[in-house]
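Before any comments, here is the structure.
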Amino acid sequence: MKLITKAIEKKAQKQYPMGSDMNQMVVAKFFDPCGGWTWYLMNQDPNDTNYLWGIVKGIYIEMGSFSLNELQAYRGRLGIGIERDKFFKPMKAKDVYNALMEGEHI
């Protein structure tokens with residue numbers, strides 16, 4: 001599965017100047033089907049498309065950068081890679097973050 005479509009890329013790059021502003025939208029959700037990690041994409045550097053920024057739910061819930069190349073190359077215990085949630089609807093980053101902090105599954 002392609003993690004980032006042209007439509008997702010366009011939205012993420014448009015938000016890049018917003019940096020870590022929690023008023024921007026989460027435009028895509030990626031998850032490890034064999035593990036507990038989830039990445040919520042907020043923006044992407046148009047000059048370095050490998051650089052993604054968003055909310056990461058792993059051991060902790062935090063905001064930070066992550067690598068598109070690493071997400072694409074990763075293979076879990078069963079040899080399965082990271083997937084994009086095709087049913088995820090864009091949401092405000094602050095709503096995603098608050099829901100995750102409350103223990104909700106987004």
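For the chain, what does the helix formula give at 222 nm: sum of -39500 (n - 2.57) over DSSP H segments with n ≥ 4, over the residue count, nearest 500 deg cm²/dmol? Could the numbers behind the result be given before it?
Numbers: 3 runs with 24 residues, N = 106.
Value at 222 nm, helices only: -6000 deg cm²/dmol.
In segment 23-68, what is the volume of the convex hull around the alpha carbon atoms, normalised per residue and reported in Å³? If you can, show how the numbers build up before the last one.
Values: hull volume 3.3 nm³, N = 46.
Here the figure is 72 Å³ per residue.
Solvent-accessible area per residue for the chain at a 1.4 Å probe radius, Å²?
Numbers: 6310 Å² over 106 residues.
With all protein chains present, the chain gives 60 Å² per residue.
Just in segment 55-103: which chymotrypsin sites (Phe, Trp or Tyr not before Pro) are loop by DSSP and have at most 12 other Cβ atoms within 10 Å? Mind dumping the intermediate values first?
Working: sites: Tyr60, Phe66, Tyr74, Phe87, Phe88, Tyr97; in loops: Tyr60, Tyr74, Phe87, Phe88.
The qualifying sites are Tyr60, Phe87.
Share of segment 1-72's accessible area from carbon and sulfur, percent, 1.4 Å? Mind dumping the intermediate values first?
Details: 1950 of 3750 Å².
Within segment 1-72, the accessible surface is 52 percent carbon and sulfur.
Across bins of 10 angstrom width beginning at 0, how are the C-alpha pair distances of the chain distributed, in whole percent?
16, 52, 30, 3
Normalising by the residue count of the chain, find the relative contact order in percent from Cα pairs under 8 Å and 6+ residues apart. Don't jump to the answer; show the numbers that get you there.
Details: 191 pairs, mean separation 29.6, N = 106.
Relative contact order here is 28 percent.
The values are calculated or read from the model by the stated rules, or taken from the named source; none is laboratory data. Source: prediction; values computed, not measured. All Cβ positions, even for glycine, are placed from backbone atoms using ideal geometry, and neighbour counts span all protein chains on display. Areas reflect the complete protein model, heavy atoms only, side chains present, ligands, DNA and RNA absent. Shrake-Rupley method; radii C 1.70, N 1.55, O 1.52, S 1.80 Å.
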